[in-house]
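A quick write-up on the structure given underneath.
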Amino acid sequence: MNQIINISTPQLLLALLFILVAQASSFIFHLGLNRDITIGTLRTFSQLFLMGYVLTFILKTSSPWLTLGVFMVMVVSAMFIIKGRVKEKQIAYIIPTFLTMFISYLATALFVSGLVIGITPWWEPRYFIPAGGMVIGNSMSALAISLERLFRDMRQQKEVIEMKLSLGANYREASNDIFRNAVTAGMIPSINAMMGVGLVFIPGMMSGQILAGTDPLIAIRYQIVVMLMLVGSTAVSSVVVMLIVRRRCFGSGEEVLLSPR
Amino acid sequence: MLDIRNISFTYEESMPLVFERLDLTVAEGEFILVKGPSGSGKSTLLRLICRLNQLTGGTIFFQGSDITSFAPAMLRSSISYVAQIPQMIDSSVEENLLLPFSFAINAEKSPPGKDELREMLKNFYLGDVTLDHSAMKLSTGQKQRLAIMRALLQKPRLLLLDEPTSALDQESASMVFSIMERLSVEQRKTLITVTHSNYKPETVRPLTYTVANRSLQRCS
């Protein structure tokens, strides 16, 4: 049971049949996805192989600075992905978002690896990097959704916000509904995942552990920690980023800075 | 009450100035009418007074103090601005009228009771509208009157009306004009109204200005 079966290169290439099926579907039904599927496949291979070699190196050297360096690269990459999705030019949201992501993810990863799992040293890359990766990946999507929603609603409801401001509301009172909706929109996928886990799907990390021969009862404990960690870190980062970015949508006179597109 | 001194404004640095060295003094109880063609900056002037846009240069004093020295919410509960297109929250007429009292700045003001609101509705030609009526289902003219009434409920010192009749038919426009004149004559409210219509007041003689050459010119 504990024997891990290696996947040879020919076996790995055999999995490309799935891509051929996807390409054929796109071609036959004119979905226009052939280019994206090709680029996605190449990136999957190159990025994961690179990650594999980097992780092998980090696990061998076991340096806290190297671990934190990889963590930093992951956060910066996530920030670039968010920047690509959230097309906002007027409001400077990138630096506060990046700092909030870095601090809250670091705190979460430290808490989970150091206290909940109780690894020594706390930065042990075998635990710290996967934990950080899951937090970053999950919260990145949540933040992108929340930021998109915040900017869109602030623009669409500018007249209503200004009506409230004109009646004596401060900027928080005038935009509370929009703030709440933005945070909620980002958090719903994480909460839904808690509802469906174990019933509708088996999460990737737990599947991986089971495939690698871990006792399922240990794997589920890890998965529970991960699910709770994801909801908590998503909530904290979304709330903090939305609070900061919302303030930046208003000027010194609490006037709405966003103009219609 | 209001002293606008040497103000200038542009939306962006690269764009031409909308106002340049504009001055205006408004005394307590005055009714100011600002006229001018669409796009001349009339609405912007009102938005600058209540800080919905920020000055590029110059200073606006309200009751002797620079408007930037007030907390924005405090300033806007004293200078109430009613936009050209009236905005309502998706709720009843009553909820809309009491909206200002849900904000911290008005926490110490006592909200009017239902009887008082009904009486006011009549005075604003809205006697057929019930308090539990959905505000979103009112006509634009009714919403405009409701918006003016709502702005007055927090008892502002200065009322700014931005093209209050531009989206209204003749009958609704007459009602709004009549309300404005009554506010000026009966309540001595200080009003600044911008309009591009040929409104000729019947019961008051407002001080009329036109926007020209990025400034204001007094009409005789």
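On the basis of being open to solvent by less than 20 Å² (accessible area, probe 1.4 Å), of a type in the set (Asp, Glu) and not in a loop (DSSP other than H, G, I, E, B), does residue B:181 make the cut? The answer is yes for residue B:181.
For (1) over 20 Å from residue B:217 (Cβ atoms); (2) at pLDDT below 90; (3) not basic (Lys, Arg), each residue gets a yes or a no:
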residue	(1), (2), (3)
B:44	no, no, yes
B:47	yes, no, no
B:60	no, no, yes
B:65	yes, no, yes
B:68	yes, no, yes
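The set of residues in region A:78-90 that are of a type in the set (Gly, Ala, Ser) and surrounded by 13 or more Cβ atoms within 10 Å (Cβ to Cβ) contains only A:78. The condition of being assigned to a helix (DSSP H, G or I) and not assigned by TED's automatic domain parsing to the domain that holds residue A:53 holds for only one of A:137, A:118, that being A:137. Please enumerate the residues belonging to region B:61-70 that are open to solvent by less than 60 Å² (accessible area, probe 1.4 Å) and out of contact with any Lys or Arg (no Cβ under 9 Å at 6 or more places or on another chain). Residues satisfying the conditions are B:65, B:66. Considering the conditions (1) small (Gly, Ala, Ser); (2) open to solvent by 10 Å² or more (accessible area, probe 1.4 Å); (3) closer than 30 Å to residue A:91 by Cα; (4) in the same structural domain as residue A:129 (by TED's automatic domain parsing), residue A:259 is excluded by exactly one of them, (4).
If you go through region B:164-178 and keep only what is open to solvent by 10 Å² or more (accessible area, probe 1.4 Å) and within 14 Å of chain A (Cβ to nearest Cβ), you end up with just B:167. Just to be sure, is residue B:20 within 12 Å of chain A (Cβ to nearest Cβ), within 21 Å of residue B:215 (Cβ to Cβ) and either open to solvent by 50 Å² or more (accessible area, probe 1.4 Å) or touching a Pro at 6+ places or on another chain (Cβ under 8 Å) (or both)? In short, no.
Yes/no matrix, rows are residues, columns are (1) part of a strand (DSSP E or B); (2) facing chain A (nearest Cβ under 7 Å); (3) open to solvent by 30 Å² or more (accessible area, probe 1.4 Å); (4) touching a Gly at 6+ places or on another chain (Cβ under 9 Å):
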site	(1), (2), (3), (4)
B:48	no, no, no, no
B:51	no, yes, no, yes
B:88	no, no, no, no
B:95	no, no, yes, no
B:105	no, yes, yes, yes
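Scanning region B:23-46 for residues that are among the aliphatic types (A, V, I, L, M) and open to solvent by 10 Å² or more (accessible area, probe 1.4 Å) yields a single hit, B:27. With respect to (1) within 22 Å of residue B:202 (Cβ to Cβ); (2) within 15 Å of the chain's Cα centre (by Cα), the lone exception for residue B:170 is condition (2). Being away from chain B (no Cβ under 12 Å) and either closer than 30 Å to residue B:159 by Cβ or open to solvent by 60 Å² or more (accessible area, probe 1.4 Å) (or both) holds for only one residue in A:194, A:229, and it is A:194. What is the residue count in region A:84-99 for residues that are charged (D, E, K, R) and touching a helix residue (DSSP H, G or I) at 6+ places or on another chain (Cβ under 6 Å)? Of the residues in region A:84-99, 2 are charged (D, E, K, R) and touching a helix residue (DSSP H, G or I) at 6+ places or on another chain (Cβ under 6 Å). Taking the conditions exactly as written (touching a Gly at 6+ places or on another chain (Cβ under 6 Å), open to solvent by 40 Å² or more (accessible area, probe 1.4 Å) and touching a residue at least 40 places away in the same chain (Cβ under 8 Å)), does residue B:188 satisfy them or not? Answer is yes for this residue. Consider residue B:75 carefully, then state whether it is farther than 30 Å from residue B:128 by Cα, outside any loop (DSSP other than H, G, I, E, B) and either open to solvent by less than 20 Å² (accessible area, probe 1.4 Å) or touching a residue at least 60 places away in the same chain (Cβ under 8 Å) (or both). Judged against the criteria, residue B:75 is a match. Under the condition of being farther than 16 Å from residue B:12 by Cα and of a type in the set (Val, Ile, Thr), the residues counted in region B:40-62 number 3. Among the residues of region A:153-173, those that are open to solvent by less than 10 Å² (accessible area, probe 1.4 Å), in contact with a Leu (Cβ under 8 Å, 6 or more places away or on another chain) and either more than 10 Å from chain B (Cβ to nearest Cβ) or in contact (Cβ under 8 Å) with a residue 40 or more places away in the chain (or both) comprise A:154, A:165.
The values are calculated or read from the model by the stated rules, or taken from the named source; none is laboratory data. What you see is a predicted model; the values in this text were computed from it and never measured. No Cβ is skipped: glycine too gets one built from the backbone with ideal geometry, and neighbour counts run over all protein chains shown. Side chains included, ligands, DNA and RNA excluded: accessible areas come from the protein's heavy atoms. Shrake-Rupley method; radii C 1.70, N 1.55, O 1.52, S 1.80 Å.
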